Amino acid sequence: MPETTSNPSLFCISSYEKGQAFLSEAARLGARVTLLTVDKLRDGDWPKDVLAELLTMPVELTCEQILNTVCYLARTRRIDRIVALDEFDVEAAALLREHMRLPGLGQTVSRRFRDKLAMRSEARRAGIAVPEFTGVFNYDDLRAFMRDVPGPWLLKPRMNASAIGIKPISRAEELWPILDQLGDLQSHYVLERFVAGEVFHVEGVTWGGKLLCSIPSQYGKPPMQTMHQGGVFTTRTLPMDSADARGLVEAHERLIGAFGLTDGVTHTEFIRSAADGKFYFLETAVRVGGAYIADMVELATGVNPWVEWARMEVARARGSEYCLAPLKGEFAGAVISLARQEEPDLNAYTDPEIARRLEKPHHAGVLLRSDSAARIQELVDSYAGRFLEDFCAVVPPPERPTS
(Lines give C-alpha, C1' and ligand atoms only; values in the text may rest on other atoms or scores of the structure.)
Protein backbone atom coordinates (compact mmCIF):
# COMPACT_ATOMS: atom_id res chain seq x y z
CA MET A 1 0.00 0.00 0.00
CA PRO A 2 1.47 3.43 -0.93
CA GLU A 3 2.31 5.73 1.98
CA THR A 4 0.92 8.80 0.20
CA THR A 5 -1.88 9.34 -2.27
CA SER A 6 -3.44 12.39 -3.93
CA ASN A 7 -6.97 11.11 -3.28
CA PRO A 8 -6.71 9.52 0.17
CA SER A 9 -9.35 7.26 1.63
CA LEU A 10 -10.12 8.18 5.23
CA PHE A 11 -11.96 5.58 7.29
CA CYS A 12 -13.60 7.34 10.24
CA ILE A 13 -15.08 5.62 13.28
CA SER A 14 -17.48 7.31 15.70
CA SER A 15 -19.74 5.84 18.37
CA TYR A 16 -21.27 9.28 18.98
CA GLU A 17 -22.89 11.87 16.75
CA LYS A 18 -19.99 14.25 16.31
CA GLY A 19 -17.26 15.27 13.88
CA GLN A 20 -19.50 16.58 11.11
CA ALA A 21 -17.11 19.48 10.45
CA PHE A 22 -14.20 17.02 10.13
CA LEU A 23 -16.08 14.84 7.65
CA SER A 24 -17.17 17.82 5.54
CA GLU A 25 -13.71 19.41 5.43
CA ALA A 26 -11.95 16.16 4.55
CA ALA A 27 -14.39 15.60 1.69
CA ARG A 28 -14.00 19.21 0.53
CA LEU A 29 -10.26 18.62 0.30
CA GLY A 30 -10.84 15.68 -2.04
CA ALA A 31 -10.58 12.73 0.33
CA ARG A 32 -12.85 9.74 0.01
CA VAL A 33 -14.52 9.68 3.41
CA THR A 34 -16.16 6.59 4.88
CA LEU A 35 -17.91 6.73 8.26
CA LEU A 36 -18.49 3.70 10.47
CA THR A 37 -20.94 4.48 13.28
CA VAL A 38 -23.38 2.54 15.44
CA ASP A 39 -26.71 1.25 14.13
CA LYS A 40 -28.88 3.62 16.13
CA LEU A 41 -27.07 6.64 14.64
CA ARG A 42 -27.65 5.61 11.04
CA ASP A 43 -30.12 8.48 10.64
CA GLY A 44 -28.08 10.96 12.66
CA ASP A 45 -27.14 14.44 11.54
CA TRP A 46 -24.30 13.31 9.31
CA PRO A 47 -23.20 15.15 6.11
CA LYS A 48 -24.39 12.22 4.00
CA ASP A 49 -24.08 14.19 0.77
CA VAL A 50 -20.28 14.27 1.09
CA LEU A 51 -19.68 10.78 2.47
CA ALA A 52 -18.52 8.05 0.14
CA GLU A 53 -20.19 5.53 2.46
CA LEU A 54 -22.09 5.48 5.74
CA LEU A 55 -21.71 2.10 7.44
CA THR A 56 -23.08 0.97 10.79
CA MET A 57 -22.29 -1.65 13.40
CA PRO A 58 -23.98 -2.89 16.59
CA VAL A 59 -23.42 -0.93 19.80
CA GLU A 60 -20.72 -2.19 22.20
CA LEU A 61 -18.67 -4.30 19.83
CA THR A 62 -15.31 -5.18 21.33
CA CYS A 63 -12.11 -3.85 19.78
CA GLU A 64 -11.45 -7.28 18.30
CA GLN A 65 -14.92 -7.38 16.75
CA ILE A 66 -14.42 -3.92 15.26
CA LEU A 67 -11.06 -5.09 13.90
CA ASN A 68 -12.74 -8.07 12.22
CA THR A 69 -15.47 -5.79 10.82
CA VAL A 70 -13.05 -3.25 9.35
CA CYS A 71 -10.68 -5.88 7.94
CA TYR A 72 -13.65 -7.52 6.21
CA LEU A 73 -14.64 -4.14 4.73
CA ALA A 74 -11.03 -3.54 3.67
CA ARG A 75 -11.20 -6.52 1.31
CA THR A 76 -13.13 -4.34 -1.15
CA ARG A 77 -12.12 -0.83 0.01
CA ARG A 78 -8.80 0.98 0.13
CA ILE A 79 -8.06 2.49 3.54
CA ASP A 80 -5.20 4.99 3.78
CA ARG A 81 -5.82 6.41 7.25
CA ILE A 82 -8.07 5.52 10.17
CA VAL A 83 -9.55 8.30 12.30
CA ALA A 84 -11.34 7.88 15.64
CA LEU A 85 -13.70 10.84 15.93
CA ASP A 86 -14.74 9.98 19.48
CA GLU A 87 -12.63 9.16 22.53
CA PHE A 88 -14.31 5.79 22.99
CA ASP A 89 -13.05 4.69 19.56
CA VAL A 90 -9.38 5.57 20.14
CA GLU A 91 -8.40 2.07 21.29
CA ALA A 92 -10.06 0.32 18.36
CA ALA A 93 -8.45 2.73 15.88
CA ALA A 94 -5.00 2.20 17.40
CA LEU A 95 -5.43 -1.57 17.24
CA LEU A 96 -6.51 -1.32 13.60
CA ARG A 97 -3.54 0.84 12.63
CA GLU A 98 -1.08 -1.57 14.19
CA HIS A 99 -2.80 -4.63 12.74
CA MET A 100 -3.09 -3.14 9.25
CA ARG A 101 0.30 -1.36 9.49
CA LEU A 102 -1.23 2.03 8.82
CA PRO A 103 0.29 5.36 9.93
CA GLY A 104 -0.95 7.24 12.96
CA LEU A 105 -1.14 6.66 16.69
CA GLY A 106 -0.37 3.12 17.79
CA GLN A 107 -1.50 1.47 20.99
CA THR A 108 1.39 2.65 23.17
CA VAL A 109 1.07 6.38 22.50
CA SER A 110 -2.74 6.35 22.27
CA ARG A 111 -2.93 4.77 25.71
CA ARG A 112 -1.24 7.83 27.20
CA PHE A 113 -4.17 9.88 25.95
CA ARG A 114 -6.85 7.37 26.95
CA ASP A 115 -5.91 5.58 30.17
CA LYS A 116 -6.06 7.81 33.26
CA LEU A 117 -3.47 5.69 35.07
CA ALA A 118 -1.08 5.76 32.11
CA MET A 119 -1.43 9.50 31.54
CA ARG A 120 -0.86 10.28 35.23
CA SER A 121 2.21 8.08 35.32
CA GLU A 122 3.66 9.71 32.19
CA ALA A 123 2.89 13.23 33.44
CA ARG A 124 4.49 12.60 36.82
CA ARG A 125 7.55 11.10 35.11
CA ALA A 126 7.83 14.32 33.08
CA GLY A 127 7.81 16.44 36.25
CA ILE A 128 4.26 17.76 35.73
CA ALA A 129 2.22 18.19 38.93
CA VAL A 130 -0.60 15.65 39.30
CA PRO A 131 -2.82 14.84 42.29
CA GLU A 132 -1.44 11.86 44.23
CA PHE A 133 -2.79 8.62 42.75
CA THR A 134 -2.48 4.86 42.80
CA GLY A 135 -3.59 1.99 40.62
CA VAL A 136 -6.21 -0.35 42.06
CA PHE A 137 -4.19 -3.54 42.31
CA ASN A 138 -2.67 -4.42 45.68
CA TYR A 139 -4.91 -3.86 48.71
CA ASP A 140 -2.02 -3.13 51.04
CA ASP A 141 -0.92 -0.39 48.64
CA LEU A 142 -4.45 1.04 48.69
CA ARG A 143 -4.51 1.04 52.50
CA ALA A 144 -1.11 2.76 52.61
CA PHE A 145 -2.24 5.34 50.04
CA MET A 146 -5.36 6.27 52.02
CA ARG A 147 -3.32 6.37 55.24
CA ASP A 148 -0.65 8.69 53.80
CA VAL A 149 -2.73 10.82 51.42
CA PRO A 150 -5.52 12.76 53.14
CA GLY A 151 -9.02 12.32 51.74
CA PRO A 152 -11.42 12.77 50.20
CA TRP A 153 -10.47 10.73 47.14
CA LEU A 154 -11.94 9.96 43.73
CA LEU A 155 -12.24 6.48 42.24
CA LYS A 156 -12.09 7.05 38.48
CA PRO A 157 -12.59 4.63 35.58
CA ARG A 158 -9.33 4.57 33.69
CA MET A 159 -10.98 4.56 30.26
CA ASN A 160 -14.15 6.66 30.58
CA ALA A 161 -14.36 10.24 29.35
CA SER A 162 -15.45 13.35 31.24
CA ALA A 163 -16.88 12.65 34.72
CA ILE A 164 -18.71 9.44 33.77
CA GLY A 165 -18.48 6.76 36.43
CA ILE A 166 -16.41 8.75 38.96
CA LYS A 167 -17.13 7.77 42.57
CA PRO A 168 -16.28 10.14 45.45
CA ILE A 169 -14.77 8.42 48.53
CA SER A 170 -14.92 10.32 51.84
CA ARG A 171 -13.66 7.64 54.24
CA ALA A 172 -11.39 4.66 53.67
CA GLU A 173 -14.07 2.14 54.66
CA GLU A 174 -16.29 3.36 51.80
CA LEU A 175 -13.87 2.02 49.20
CA TRP A 176 -14.05 -1.71 49.93
CA PRO A 177 -17.78 -2.32 49.25
CA ILE A 178 -17.38 -0.48 45.93
CA LEU A 179 -14.43 -2.67 44.96
CA ASP A 180 -16.39 -5.78 45.94
CA GLN A 181 -19.18 -4.64 43.65
CA LEU A 182 -16.74 -3.99 40.80
CA GLY A 183 -15.19 -7.44 41.11
CA ASP A 184 -12.80 -8.16 38.25
CA LEU A 185 -13.32 -4.63 36.88
CA GLN A 186 -11.67 -2.90 39.86
CA SER A 187 -8.21 -2.92 38.24
CA HIS A 188 -9.70 -0.71 35.52
CA TYR A 189 -9.92 2.16 38.03
CA VAL A 190 -7.48 4.62 39.53
CA LEU A 191 -7.73 6.16 43.01
CA GLU A 192 -6.55 9.74 43.41
CA ARG A 193 -6.64 12.60 45.88
CA PHE A 194 -9.52 15.00 45.35
CA VAL A 195 -8.25 18.51 44.66
CA ALA A 196 -10.71 21.33 45.18
CA GLY A 197 -10.29 24.26 42.82
CA GLU A 198 -11.12 25.81 39.49
CA VAL A 199 -10.89 23.69 36.33
CA PHE A 200 -9.34 24.86 33.07
CA HIS A 201 -8.93 23.31 29.64
CA VAL A 202 -6.50 23.78 26.78
CA GLU A 203 -7.22 22.97 23.13
CA GLY A 204 -4.09 22.13 21.18
CA VAL A 205 -3.01 21.57 17.57
CA THR A 206 0.19 19.58 16.98
CA TRP A 207 1.97 18.96 13.67
CA GLY A 208 5.27 17.22 13.08
CA GLY A 209 5.82 16.88 16.82
CA LYS A 210 5.55 20.65 17.30
CA LEU A 211 2.69 22.17 19.30
CA LEU A 212 1.42 24.92 17.00
CA CYS A 213 -1.09 26.45 19.38
CA SER A 214 -2.50 26.13 22.89
CA ILE A 215 -5.84 27.84 23.49
CA PRO A 216 -6.59 28.09 27.23
CA SER A 217 -10.08 28.42 28.67
CA GLN A 218 -11.73 28.26 32.08
CA TYR A 219 -14.84 26.32 33.05
CA GLY A 220 -17.42 27.81 35.40
CA LYS A 221 -18.51 25.00 37.68
CA PRO A 222 -16.19 21.99 37.28
CA PRO A 223 -17.63 19.50 34.73
CA MET A 224 -17.72 16.76 37.39
CA GLN A 225 -19.88 18.96 39.61
CA THR A 226 -22.21 19.82 36.72
CA MET A 227 -22.61 16.17 35.75
CA HIS A 228 -23.16 14.84 39.27
CA GLN A 229 -25.09 17.72 40.85
CA GLY A 230 -26.67 19.39 37.84
CA GLY A 231 -26.44 23.02 36.86
CA VAL A 232 -25.36 25.14 33.93
CA PHE A 233 -22.21 24.32 31.94
CA THR A 234 -20.07 27.34 31.12
CA THR A 235 -16.62 27.98 29.74
CA ARG A 236 -14.77 30.99 28.33
CA THR A 237 -11.47 31.66 26.61
CA LEU A 238 -8.73 33.43 28.55
CA PRO A 239 -6.53 36.41 27.62
CA MET A 240 -3.21 34.96 26.45
CA ASP A 241 -1.25 37.52 28.49
CA SER A 242 -2.91 36.53 31.78
CA ALA A 243 -0.96 34.64 34.44
CA ASP A 244 -3.39 31.71 34.25
CA ALA A 245 -3.04 31.43 30.46
CA ARG A 246 0.76 31.56 30.60
CA GLY A 247 0.88 28.85 33.26
CA LEU A 248 -1.53 26.62 31.37
CA VAL A 249 0.26 27.02 28.04
CA GLU A 250 3.61 26.15 29.61
CA ALA A 251 2.24 23.06 31.37
CA HIS A 252 0.38 21.94 28.25
CA GLU A 253 3.46 22.26 26.04
CA ARG A 254 5.52 20.14 28.45
CA LEU A 255 2.76 17.55 28.62
CA ILE A 256 2.26 17.12 24.87
CA GLY A 257 6.01 16.90 24.32
CA ALA A 258 6.37 14.24 27.01
CA PHE A 259 3.48 12.18 25.63
CA GLY A 260 5.07 11.89 22.18
CA LEU A 261 2.21 13.14 20.00
CA THR A 262 3.27 13.72 16.40
CA ASP A 263 0.12 15.09 14.77
CA GLY A 264 -3.40 15.82 15.93
CA VAL A 265 -5.68 17.83 18.17
CA THR A 266 -5.85 17.54 21.93
CA HIS A 267 -8.21 18.51 24.75
CA THR A 268 -6.41 18.76 28.10
CA GLU A 269 -7.74 19.67 31.55
CA PHE A 270 -5.97 21.15 34.57
CA ILE A 271 -7.17 22.21 38.00
CA ARG A 272 -5.84 25.17 39.97
CA SER A 273 -5.80 24.06 43.57
CA ALA A 274 -7.68 26.27 46.01
CA ALA A 275 -5.21 25.17 48.69
CA ASP A 276 -1.87 26.04 47.10
CA GLY A 277 -2.71 27.86 43.85
CA LYS A 278 -0.77 25.38 41.71
CA PHE A 279 -1.98 23.89 38.44
CA TYR A 280 -2.41 20.10 38.55
CA PHE A 281 -2.87 17.94 35.46
CA LEU A 282 -6.22 16.10 35.35
CA GLU A 283 -6.51 14.42 31.94
CA THR A 284 -5.90 14.75 28.22
CA ALA A 285 -7.33 13.24 25.05
CA VAL A 286 -6.52 13.13 21.34
CA ARG A 287 -9.87 14.54 20.38
CA VAL A 288 -11.81 17.75 20.03
CA GLY A 289 -13.39 19.08 23.22
CA GLY A 290 -17.13 18.44 23.55
CA ALA A 291 -19.99 20.74 24.61
CA TYR A 292 -19.47 23.10 21.65
CA ILE A 293 -15.93 23.97 22.76
CA ALA A 294 -14.73 23.77 19.14
CA ASP A 295 -17.35 26.32 18.10
CA MET A 296 -16.35 28.60 20.96
CA VAL A 297 -12.68 28.34 20.02
CA GLU A 298 -13.52 29.15 16.41
CA LEU A 299 -15.43 32.28 17.44
CA ALA A 300 -12.45 33.52 19.45
CA THR A 301 -9.56 32.51 17.20
CA GLY A 302 -10.95 31.74 13.75
CA VAL A 303 -9.59 28.19 14.11
CA ASN A 304 -11.95 25.22 14.36
CA PRO A 305 -10.15 22.15 15.79
CA TRP A 306 -12.35 19.75 13.78
CA VAL A 307 -11.42 21.47 10.53
CA GLU A 308 -7.71 21.65 11.36
CA TRP A 309 -7.69 17.96 12.27
CA ALA A 310 -9.19 17.06 8.89
CA ARG A 311 -6.60 19.19 7.11
CA MET A 312 -3.78 17.44 8.96
CA GLU A 313 -5.09 13.95 8.18
CA VAL A 314 -5.42 14.75 4.48
CA ALA A 315 -1.99 16.42 4.40
CA ARG A 316 -0.34 13.38 6.00
CA ALA A 317 -2.06 11.03 3.55
CA ARG A 318 -0.82 13.13 0.62
CA GLY A 319 2.66 13.67 2.03
CA SER A 320 2.14 17.43 1.89
CA GLU A 321 2.70 20.18 4.44
CA TYR A 322 0.14 21.65 6.80
CA CYS A 323 0.07 25.24 8.02
CA LEU A 324 -2.09 26.71 10.79
CA ALA A 325 -3.53 30.13 9.99
CA PRO A 326 -2.77 33.01 12.39
CA LEU A 327 -5.17 33.13 15.32
CA LYS A 328 -7.56 36.01 15.86
CA GLY A 329 -7.42 37.74 19.24
CA GLU A 330 -11.09 37.83 20.23
CA PHE A 331 -12.81 36.14 23.17
CA ALA A 332 -15.71 33.74 23.38
CA GLY A 333 -17.79 31.83 25.89
CA ALA A 334 -20.42 29.11 26.04
CA VAL A 335 -23.44 28.74 28.33
CA ILE A 336 -25.35 25.45 28.01
CA SER A 337 -27.99 23.71 30.09
CA LEU A 338 -30.37 20.80 29.95
CA ALA A 339 -33.81 22.38 29.73
CA ARG A 340 -37.17 21.53 31.22
CA GLN A 341 -38.76 22.76 28.00
CA GLU A 342 -38.53 20.79 24.76
CA GLU A 343 -37.95 24.03 22.83
CA PRO A 344 -36.57 26.64 25.25
CA ASP A 345 -37.47 30.25 24.46
CA LEU A 346 -34.32 32.38 24.37
CA ASN A 347 -35.98 35.55 23.14
CA ALA A 348 -35.27 37.33 26.43
CA TYR A 349 -31.54 37.02 25.71
CA THR A 350 -30.78 39.88 23.36
CA ASP A 351 -27.20 40.99 23.95
CA PRO A 352 -25.33 41.67 20.68
CA GLU A 353 -22.47 39.42 21.79
CA ILE A 354 -24.65 36.35 21.19
CA ALA A 355 -23.07 34.75 18.12
CA ARG A 356 -25.10 31.54 18.05
CA ARG A 357 -28.14 30.03 19.71
CA LEU A 358 -28.23 26.26 20.07
CA GLU A 359 -31.18 24.44 18.54
CA LYS A 360 -31.42 21.07 20.25
CA PRO A 361 -34.44 19.56 22.02
CA HIS A 362 -34.38 20.04 25.80
CA HIS A 363 -31.20 22.12 25.63
CA ALA A 364 -30.73 25.84 26.12
CA GLY A 365 -27.47 27.31 24.95
CA VAL A 366 -25.71 30.34 23.56
CA LEU A 367 -22.23 31.00 22.23
CA LEU A 368 -20.83 34.47 22.86
CA ARG A 369 -18.13 36.54 21.16
CA SER A 370 -16.54 39.89 22.02
CA ASP A 371 -13.27 41.76 21.74
CA SER A 372 -13.37 42.11 25.54
CA ALA A 373 -12.54 39.22 27.87
CA ALA A 374 -14.18 41.08 30.76
CA ARG A 375 -17.43 41.41 28.82
CA ILE A 376 -17.48 37.69 28.03
CA GLN A 377 -16.92 36.84 31.70
CA GLU A 378 -19.70 39.24 32.73
CA LEU A 379 -22.17 37.69 30.29
CA VAL A 380 -21.20 34.09 31.10
CA ASP A 381 -21.67 34.70 34.84
CA SER A 382 -24.97 36.51 34.31
CA TYR A 383 -26.40 33.99 31.86
CA ALA A 384 -25.44 31.05 34.08
CA GLY A 385 -27.66 32.40 36.85
CA ARG A 386 -30.50 33.23 34.49
CA PHE A 387 -30.35 29.83 32.76
CA LEU A 388 -30.57 28.16 36.17
CA GLU A 389 -33.88 29.93 36.79
CA ASP A 390 -35.29 29.88 33.26
CA PHE A 391 -34.39 26.44 31.93
CA CYS A 392 -32.21 24.17 34.03
CA ALA A 393 -33.26 20.52 34.35
CA VAL A 394 -31.32 17.87 36.29
CA VAL A 395 -31.00 14.20 35.33
CA PRO A 396 -28.95 11.52 37.14
CA PRO A 397 -25.43 11.15 35.71
CA PRO A 398 -24.82 8.00 33.62
CA GLU A 399 -22.75 5.23 35.16
CA ARG A 400 -21.42 4.35 31.73
CA PRO A 401 -21.23 6.15 28.39
CA THR A 402 -24.22 6.09 26.04
CA SER A 403 -24.18 7.15 22.39
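The values are calculated or read from the model by the stated rules, or taken from the named source; none is laboratory data. The structure displayed is predicted, hence computed values, not measured ones. Every residue, glycine among them, receives a Cβ derived from its backbone with ideal geometry; neighbour counts consider all protein chains shown. Remember, those area values only see protein heavy atoms, side chains included, never the ligands or the DNA or RNA. Shrake-Rupley method; radii C 1.70, N 1.55, O 1.52, S 1.80 Å.
Label separation (E53 vs R357): 4.2 nm, computed from points 7 Å beyond Cα along the C-beta direction. Within the full protein context, the accessible area of I336 is estimated at about 20 Å² for a probe radius of 1.4 Å.
So what is the relative contact order for region 193-333, in percent, with contacts set as C-alpha pairs under 8 Å and at least six apart? Kindly include the intermediate steps, with their values, before the conclusion.
Details: 247 pairs, mean separation 37.1, N = 141.
Answer for region 193-333 is 26 percent.
From the square roots a ≥ b ≥ c of the eigenvalues of the alpha-carbon gyration tensor of region 244-299, which class results: rounded (a/c under 1.5), prolate (a/b over b/c), or oblate? Don't skip to the answer; put the middle values down first.
Working: a/c = 2.03, a/b = 1.27, b/c = 1.60.
Verdict is oblate for region 244-299.
Non-local lysine pairs in the chain, meaning eight or more places apart or on different chains, with alpha-carbon distances under 21 Å, amount to 14. Ellipsoid fit via the Cα gyration tensor, region 98-251: semi-axes of 29, 22, 15 Å, each the root of five times an eigenvalue, largest first. Per-residue 3J(HN,Hα) values for region 281-291, derived from phi via the Karplus relation 6.51 cos²θ - 1.76 cosθ + 1.60 with θ = phi - 60°, read 6, 9, 6, 9, 7, 8, 7, 8, x, x, 6 Hz in sequence order (x marks Gly and Pro).
Using Stokes-Einstein with the Kirkwood hydrodynamic radius over Cα pairs, what translational diffusion coefficient do you get for the chain at 37 °C and a viscosity of 0.692 mPa s, in µm²/s rounded to a whole number?
Details: Rh = 22.2 Å.
After rounding, the answer is 148 µm²/s.
Give the long-range amide H neighbours of T56: residues separated by 5 or more places, or on another chain, with amide H under 5 Å away, using H modelled in the peptide plane at 1.01 Å from N. Placed amide hydrogens put T37 under 5 Å from T56.
When a/c is below 1.5 the answer is rounded, else prolate if a/b is larger than b/c, else oblate, so apply that to region 151-208 with a ≥ b ≥ c taken from the square roots of the Cα gyration tensor eigenvalues.
Oblate is the answer for region 151-208, as a/c is 1.5 or above yet b/c matches or exceeds a/b.
Translational diffusion of region 1-95 was estimated from the Stokes-Einstein equation, with Rh taken as the Kirkwood radius over Cα pairs; at 20 °C and 1.002 mPa s the coefficient is 159 µm²/s.
Rolling a 1.4 angstrom probe over the protein heavy atoms with all chains in place gives the chain an accessible area of 45 Å² per residue.
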